[in-house]
Amino acid sequence: MTGSRYLMESEEEARRLSEQARALPVHGHLSSTGLSAGMKALDAGCGPGVITSIMADLVGRGGSVLGVDINQQRLEEARAHCAPLPQCSFVQGDIRKMELASDTFDYVWCQFVIEYLAQPEGALAELIRVTRPGGRVVVADVDALGLQNWPVSPELEEGCRKFVAALAAVGLDLHIGRKMFHLYRRAGLEQVRVQLAPLWVVAGAADARLITDWRQRFATLEPVVSPVFGGTSGYQGFCEQYLALLSDPDALKYAVLLITEGQKR
């Protein structure tokens, strides 16, 4: 997201986000960072509502979960997905400036959003503002998304560096996960802890879901990234090399998720 534009937006994005959420052990991540029955929780950047529904299961009918997203279409999808869950509600808003009361939520969750923001400090400050004293703020985000692979040719390694640099130039930080601990400490949060979890681990050929996920990423990001490869042809060559690596039965591929949690004073 740069300004109010989400770089990954496409007709297939709701499907990709939903499948990604279902592939992760989100229930365990939420419960291990403090979400429990009866809490008033916020899903900041809720997308199509898959994680919101998991949060609703954890808080139960005695709690509540509010989903906030900037995209009206995602909110419509989230409302449909969570329709059987009366403890869920949704509002449209930018997590950098939410029209919500301060000191409101027991637990605030934000996954795969901060990476798109040019000024993560401001977004974190807003998440803290709406959390009640003693409540928990949790950010789950990527670190070096999909670039920890072996074996990798020097050509593909250089292509990966270009890919990351092109995204960084428009505000998408694929190394944001490692930075959140420092930002939490500077923001004054207490009991700051970090969990390292796999986003995926592929020893051998990747499954169809991950291949499709990366094809969609590459297609959506082409207007932003292709100039650093000298145009569409060079960019597509890089993409096919990366996809071939994902399909290589003799190669290891993995990506890291860092989950940072802290308590508001």
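The values are calculated or read from the model by the stated rules, or taken from the named source; none is laboratory data. Keep in mind the model is a prediction, meaning the values are calculated, not measured. Note that each Cβ is placed from the backbone with ideal geometry, even for glycine, and that neighbours are counted across all protein chains shown.
Taking the stretch 245-256, which residues are at pLDDT 95 or above, hydrophobic (A, V, I, L, M, F, W, C) and assigned to a strand (DSSP E or B)?
The one that is at pLDDT 95 or above, hydrophobic (A, V, I, L, M, F, W, C) and assigned to a strand (DSSP E or B): Leu252.
May I ask you to list pairs of residues, at least six apart or on different chains, whose Cβ atoms are under 6 Å apart, with the first in the stretch 188-216 being over 30 Å from Arg129 (Cβ atoms) and the second being of a type in the set (Gly, Ala, Ser) and in a strand (DSSP E or B)?
Trp200/Ala255
Please give the number of the condition Leu174 fails out of (1) more than 26 Å from Ile259 (Cα to Cα); (2) at pLDDT below 95.
Every listed condition holds for Leu174 apart from (1).
For the stretch 15-47, which residues satisfy the criterion of being of a type in the set (D, E, K, R) and in a helix (DSSP H, G or I)?
Correct list: Arg15, Arg16, Glu19, Arg22.
Starting from the stretch 150-169, keep only residues that are within 19 Å of Gln236 (Cβ to Cβ), then list their pairs with residues that are surrounded by fewer than 12 Cβ atoms within 10 Å (Cβ to Cβ) and among the hydroxyl-bearing types (Ser, Thr, Tyr) whose Cβ atoms are within a distance under 6 Å, requiring at least 6 positions of separation or different chains.
The qualifying pairs do not exist here.
Going residue by residue through the stretch 182-199, is there one that turns out to be surrounded by fewer than 14 Cβ atoms within 10 Å (Cβ to Cβ), modelled with pLDDT of 95 or more and closer than 21 Å to Tyr254 by Cβ?
Yes, the stretch 182-199 contains at least one residue that is surrounded by fewer than 14 Cβ atoms within 10 Å (Cβ to Cβ), modelled with pLDDT of 95 or more and closer than 21 Å to Tyr254 by Cβ.
Conditions tested, residue by residue: (1) touching a Phe, Trp or Tyr at 6+ places or on another chain (Cβ under 6 Å); (2) surrounded by fewer than 18 Cβ atoms within 10 Å (Cβ to Cβ).
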position	(1), (2)
His81	no, no
Pro86	no, yes
Gln92	no, yes
Tyr116	no, no
Thr131	yes, no
Ala140	no, no
Cys160	no, no
Leu167	no, no
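Pairs please, first residue from the stretch 237-260 and under 30 Å from Leu183 (Cα atoms), second anywhere and small (Gly, Ala, Ser) and surrounded by fewer than 16 Cβ atoms within 10 Å (Cβ to Cβ), Cβ atoms under 6 Å, 6+ apart in sequence or on different chains.
Taking only residues 6 or more apart or on different chains, the pairs are Leu257/Ala197.
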